[in-house]
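Engineer: Please see the structure below; I have some questions.
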Amino acid sequence: MTSFQPRSDFLRVIIERGYLHQCTDLEALDKRLTSGVVTAYNGFDATGDSLHIGHLVPIMMLRWLQKTGHRPIALMGGGTTKVGDPSGKDETRKMLSDADIAANIASIKRPFAKLVNFGADDGKGGPTDAFMVNNADWLDELRYIPFLRDVGRHFTINRMLTFDSVKLRLEREQPLTFLEFNYMILQAFDFVELARRHGCCLQMGGSDQWGNIVSGVDLGRRVANVDLFGLTCPLITTASGAKMGKTVAGAVWLNPDRFSPYQYFQFWRNTEDADVGRFLKLFTDLPLAEIAKLEALQGAEINEAKKLLALEATALCHGREAAIDAAETARKTFEEGVTGDALPTVEIASGEFADGIAAFALFARAGLAASNGEARRLIKGGGARLNDAPLTDEAHKVTSADAADGIIKLSAGKKRHALVKLI
């Protein structure tokens, strides 16, 4: 794969920037990409009201697909969310109602508008305008027996049991429901349906989706006599081996109401030195020549590259203005020692402070710890500060007397801060 020299701009970009993990047929796909506009999709289940940066690499692949002259589809899994993808999961997902799924999809749409360009709602946009579809539109209407006869007969239990999503669950002796076992068949059917409806010939996704994607390619050949392609990106981990997108307080969400632009900026600003060049390639649009200069920086100078990574990554997800505000808040907080206006803020009624709020509970409510127990450990370990003063007693009562102009500043370590606003 490393000796392959693509002619298409899209494959050249994703290879050079580190997005490519596997492809069903690189040379044939390259030929298709150079012969006209290719329609490709990534699927996203609506299990929550926000995607997180674990989803960001597939979204960035859709972005580069469009930037190189092709048409992206964002497939919302309104139907498959009701089944649950067993890939990488140790247990069955919580069942969601139709109303929950619809609300999640509406919320998930917001980050996409920052990263890809959607056409007009009337469908009269340009040939490379992105669009969003919901697989519930066809999956909810399936008739069970005809589906089993027409589609299910092309899947053998023998082969399905070899897929990692199934095999790992069984090896751990963890239950895999018949409902989940159907997921790969439905994902394969999605691919064929998008080929029929929209001429889609390429499915992209994380490397954990390889088995499901290959099944779709095979099903397209069997039932529709179409040549389809699959392409996966690596699952990203940090240089220290940690799963990408996890923090002490939880996932790094893309929606600003779940994870503020300032928090998002700080996440990227705290990137490990060894990851700066790789993340600049994956999560920004900066030219490769500029990235090469930035990743060559050493010592304290690497911090300038981290600031630029944070600025550009935040600008893509939240807009340039929000990114600049976050950068200025960080500068004031860490370089001037003052409280920036864009720090994450939680509002609490002043009456709650009449008897005082335990410090550990306040840190958890402010989002600086994922739970009360985690907040206790943070304080006991000496990593907490109240209004920049060290805090060692997790049961310390925080009262309105700790507020200056109605504001209390909490800090977890040197780089994570939040404000409590008394209202």
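The values are calculated or read from the model by the stated rules, or taken from the named source; none is laboratory data. All of these numbers come straight from a predicted model, not from anything done at the bench. Glycine also receives a Cβ, built like all others from the backbone with ideal geometry; neighbour counts cover every protein chain displayed. In case anyone asks, the SASA skips ligands and DNA or RNA and just uses the protein heavy atoms, side chains included. Shrake-Rupley method; radii C 1.70, N 1.55, O 1.52, S 1.80 Å.
Engineer: Can you name every residue in segment 127-165 that is more than 14 Å from Ile185 (Cβ to Cβ) and not aliphatic (A, V, I, L, M)?
Structural biologist: Result: Pro127, Thr128, Asp129, Phe131, Asn134, Asp137, Asp140, Glu141, Arg143, Asn158, Thr162, Asp164.
Engineer: Now, a different point. Can you tell me which residue in segment 85-106 is modelled with the lowest pLDDT, limited to those that are among the small types (Gly, Ala, Ser) and under 17 Å from Gly54 (Cβ atoms)? Steps first, answer last, please.
Structural biologist: Within segment 85-106, the first condition is being among the small types (Gly, Ala, Ser), and the residues that meet it are 87-88, 97, 99, 102-103, 106.
Pick out the ones that are also under 17 Å from Gly54 (Cβ atoms) and you get 87-88.
Details: Ser87: 56, Gly88: 50.
Step by step, filter segment 85-106, then rank; the result is Gly88.
Engineer: Scanning for something modelled with pLDDT of 90 or more, of a type in the set (Ser, Thr, Tyr) and surrounded by 17 or more Cβ atoms within 10 Å (Cβ to Cβ), does segment 331-344 turn up at least one residue? Spell out the reasoning first.
Structural biologist: Taking segment 331-344 as the starting set, the residues that turn out to be modelled with pLDDT of 90 or more are none.
Scanning segment 331-344 turns up no residue that is modelled with pLDDT of 90 or more, of a type in the set (Ser, Thr, Tyr) and surrounded by 17 or more Cβ atoms within 10 Å (Cβ to Cβ).
Engineer: Identify all residues within segment 22-48 that are loosely packed, with under 15 Cβ neighbours inside 10 Å and either of a type in the set (S, T, N, Q) or within 12 Å of Thr232 (Cα to Cα) (or both); write none if there are none.
Structural biologist: In the first step, residues of segment 22-48 are kept if they are loosely packed, with under 15 Cβ neighbours inside 10 Å; the result is 27-28, 31, 34-37.
Thr34, Ser35 - these are the residues of segment 22-48 that are loosely packed, with under 15 Cβ neighbours inside 10 Å and either of a type in the set (S, T, N, Q) or within 12 Å of Thr232 (Cα to Cα) (or both).
Engineer: Do any helices (runs of 4 or more DSSP H) entirely within segment 244-324 hold 1 or more residues that are under 23 Å from Cys233 (Cα atoms) and open to solvent by 60 Å² or more (accessible area, probe 1.4 Å), and if so, which? Lay out the reasoning, then the answer.
Structural biologist: Numbers: elements: 261-269, 276-283, 288-295, 302-318.
Answer list for segment 244-324: 276-283, 288-295.
Engineer: So, of the residues in segment 1-39 that are aliphatic (A, V, I, L, M) and not in a loop (DSSP other than H, G, I, E, B), which turns out to be nearest to the chain's Cα centre (by Cα)? Full working, then the answer.
Structural biologist: Within segment 1-39, the first condition is being aliphatic (A, V, I, L, M), and the residues that meet it are 1, 11, 13-15, 20, 26, 28-29, 33, 37-38.
Next, only the ones that are not in a loop (DSSP other than H, G, I, E, B) stay: 11, 13-15, 26, 28-29, 33.
Details: Leu11: 22, Val13: 20, Ile14: 18, Ile15: 20, Leu26: 26, Ala28: 29, Leu29: 26, Leu33: 26 Å.
Ranking the candidates gives Ile14 first.
Engineer: Tally the residues that are out of contact with any helix residue (DSSP H, G or I) (no Cβ under 6 Å at 6 or more places or on another chain) and either open to solvent by less than 50 Å² (accessible area, probe 1.4 Å) or part of a strand (DSSP E or B) (or both), restricting the search to segment 380-394. Please lay out each step first, then the result.
Structural biologist: Residues of segment 380-394 that are out of contact with any helix residue (DSSP H, G or I) (no Cβ under 6 Å at 6 or more places or on another chain), as a first pass: 380-383, 385-390, 392-393.
Retained after the next criterion (residues that are either open to solvent by less than 50 Å² (accessible area, probe 1.4 Å) or part of a strand (DSSP E or B) (or both)): 383, 385-386, 389-390.
Adding up the residues that qualify gives 5.
Engineer: Let me ask another. From the set of residues in segment 1-21 that are small (Gly, Ala, Ser) and closer than 20 Å to Met60 by Cβ, which is least open to solvent (accessible area, probe 1.4 Å)?
Structural biologist: My answer is Ser8.
Engineer: Follow-up. Within segment 228-235, is there a residue that is of a type in the set (S, T, N, Q), touching a Gly at 6+ places or on another chain (Cβ under 9 Å) and either at pLDDT 90 or above or surrounded by fewer than 19 Cβ atoms within 10 Å (Cβ to Cβ) (or both)? Working first, answer last.
Structural biologist: So the first thing to find is which residues in segment 228-235 are of a type in the set (S, T, N, Q), and the list is 232.
Narrowing further to those that are touching a Gly at 6+ places or on another chain (Cβ under 9 Å): 232.
This time we only want the ones that are either at pLDDT 90 or above or surrounded by fewer than 19 Cβ atoms within 10 Å (Cβ to Cβ) (or both), so: 232.
Yes: segment 228-235 contains one or more residues that are of a type in the set (S, T, N, Q), touching a Gly at 6+ places or on another chain (Cβ under 9 Å) and either at pLDDT 90 or above or surrounded by fewer than 19 Cβ atoms within 10 Å (Cβ to Cβ) (or both).
Engineer: If you go through segment 381-406 one residue at a time, how many are under 15 Å from Ile423 (Cα atoms) and at pLDDT below 80?
Structural biologist: The qualifying residues number 7.
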